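Visitor: To start, I am sharing the structure in question, which I have written as structure tokens.
The values are calculated or read from the model by the stated rules, or taken from the named source; none is laboratory data. All of these numbers come straight from a predicted model, not from anything done at the bench. Methodologically, a virtual Cβ is constructed for each residue, glycine included, from the backbone with ideal geometry; neighbour enumeration extends over all protein chains shown. Heavy atoms of the whole protein, side chains included, go into the accessibility calculation; ligands, DNA and RNA do not. Shrake-Rupley method; radii C 1.70, N 1.55, O 1.52, S 1.80 Å.
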Amino acid sequence: MPQVSVIIPVFNAAATVAETIESVLRQTFEDYEIIVVDDGSTDRTSQVLGRYQDRIQMIRRPNGGISAARNSGVAVSRGEYLAFLDGDDLWVPDFLARTVAALEADPNCVMAFTDLVIVDSEGRELKTSLVGDRVERAPTLEDLFARLWPIMPSAVLMRRSAFDQCGGFSEEFRSYGYEDVYMWMRARELGTFAYVAERLVVWRFSLFPKPLKRGRKEREAARLFERLARERWNVDVMGLIRARERAPRTILGYIGLKALDEGDRATAREAFGRALRFDPLRARNYLRYARTYLPLSVARALGGRTSRASKHVE
């Protein structure tokens, strides 16, 4: 019986899933199994997965959403610990070794998570971080209610016992968005978390420059999350929802500022333009977009260069 079950849900991930699987195969911790759940892909995902048929267990199912896909993988898994790696993210070789050690060091700890490196959809590193000074620790349940904590599914290792007590990911969520936040809240009721302050995951910002994922039903998922949180804990999570909605705009703004700082007005214009689509009422987005048409010396003189920008996504 493997100690860790690695669950990789995929939908039309032919462009990235091979690299994802390879990052698991390079782990220094070797007591694991890999279960890939193909959630109704219509591209070449199945052919790519076929190259690994002797190293992974494959499940093919009609498209049912991210929560159902993860739960399907867990249902056939055997490990004491569960890891959820998205099909476009990567692990650094020590990810499993460090997170397994964190869980084994404290029997009251139900989940370990790490810091991460952010890259764009083509794998270029963005010199920013989701983890700021105020969230560089393991949260309490009250912390999770108060602000959007930077815990990404690909950066998590969880005890199976806690997952089972939570009842798995809520399958009312069919798309990415809030299914993870809701799960972390339920898990935190059961025990403590451990934060491993190392960048052991490569998290792909899949919306730029070439979108890798289909459009998300964020509004529908947000309404569901708001209802579930109010029913279970009687808390208002609108602040968390607004933070989640701001996140893509903030990352796109950082990409645009960095490109403008480097003299790449075309990339800056594209990034700022996409930020406008996420937040069309924010005046700063229009000012940044307009700045891309100015001479570079003038644009830089107007401020907002990445050297003065925050290194953290808030």
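Visitor: Tally up the residues in region 123-146 that are under 16 Å from the mean Cα position of the chain (by Cα) and either charged (D, E, K, R) or open to solvent by 50 Å² or more (accessible area, probe 1.4 Å) (or both), please.
Guide: Adding up the residues that qualify gives 1.
Visitor: Please find, among Arg26, Arg51, Arg60, Arg44, the residue that is of a type outside the set (S, T, N, Q) and under 26 Å from Glu172 (Cα atoms).
Guide: Only one candidate passes the filter, namely Arg60.
Visitor: Taking the criterion of being open to solvent by 30 Å² or more (accessible area, probe 1.4 Å) and touching a Lys or Arg at 6+ places or on another chain (Cβ under 8 Å), would at least one residue in region 242-256 satisfy it?
Guide: No, region 242-256 has no match at all.
Visitor: I've got another one for you. Under 7 Å by Cβ, and 6 or more places apart or on different chains, what pairs join a residue from region 245-268 that is free of Cβ contacts under 8 Å to residues at least 24 places away in the same chain with one that is open to solvent by less than 30 Å² (accessible area, probe 1.4 Å)?
Guide: As it stands, the answer is Ala259/Ala268; Ala259/Ala271, since those pairs meet every condition given.
Visitor: Assuming Ala101 fulfils every condition listed in (1) free of Cβ contacts under 8 Å to residues at least 40 places away in the same chain; (2) open to solvent by less than 10 Å² (accessible area, probe 1.4 Å); (3) small (Gly, Ala, Ser) apart from one, which condition is it?
Guide: Result: Ala101 passes all but (2).
Visitor: Next question. Name the residues in region 265-281 that are open to solvent by 60 Å² or more (accessible area, probe 1.4 Å) and not aliphatic (A, V, I, L, M), would you?
Guide: Arg265, Arg269, Glu270, Arg277, Phe278, Pro280
Visitor: Now a separate question. Which of the residues that make up region 91-121 are touching a helix residue (DSSP H, G or I) at 6+ places or on another chain (Cβ under 6 Å) and under 25 Å from Leu212 (Cβ atoms)?
Guide: Correct list: Trp91, Phe113, Thr114, Leu116.
Visitor: Return the residues of region 230-241 that are in contact (Cβ under 8 Å) with a residue 60 or more places away in the chain and either open to solvent by 50 Å² or more (accessible area, probe 1.4 Å) or in a helix (DSSP H, G or I) (or both); say none if nothing qualifies.
Guide: Those that are in contact (Cβ under 8 Å) with a residue 60 or more places away in the chain and either open to solvent by 50 Å² or more (accessible area, probe 1.4 Å) or in a helix (DSSP H, G or I) (or both): Trp233, Gly239, Leu240, Ile241.
Visitor: May I pose another question? Could you tell me which residue of region 154-172 is modelled with the lowest pLDDT, considering only residues that are under 19 Å from Arg244 (Cα atoms) and open to solvent by 10 Å² or more (accessible area, probe 1.4 Å)?
Guide: Here the answer is Glu172.
Visitor: Listed residues Asn71, Asn108; which is touching a residue at least 40 places away in the same chain (Cβ under 8 Å), of a type outside the set (A, V, I, L, M, F, W, C), open to solvent by 10 Å² or more (accessible area, probe 1.4 Å) and out of contact with any Ser or Thr (no Cβ under 8 Å at 6 or more places or on another chain)?
Guide: Result: Asn71 is the single residue among Asn71, Asn108 that is touching a residue at least 40 places away in the same chain (Cβ under 8 Å), of a type outside the set (A, V, I, L, M, F, W, C), open to solvent by 10 Å² or more (accessible area, probe 1.4 Å) and out of contact with any Ser or Thr (no Cβ under 8 Å at 6 or more places or on another chain).
Visitor: Scan the strands (runs of 3 or more DSSP E) fully inside region 3-118 and keep the ones with 2 or more residues being within 22 Å of Glu198 (Cβ to Cβ).
Guide: Because the criterion is at least 2 residues that are within 22 Å of Glu198 (Cβ to Cβ), the strands (runs of 3 or more DSSP E) in region 3-118 that meet it are 4-10, 81-84.
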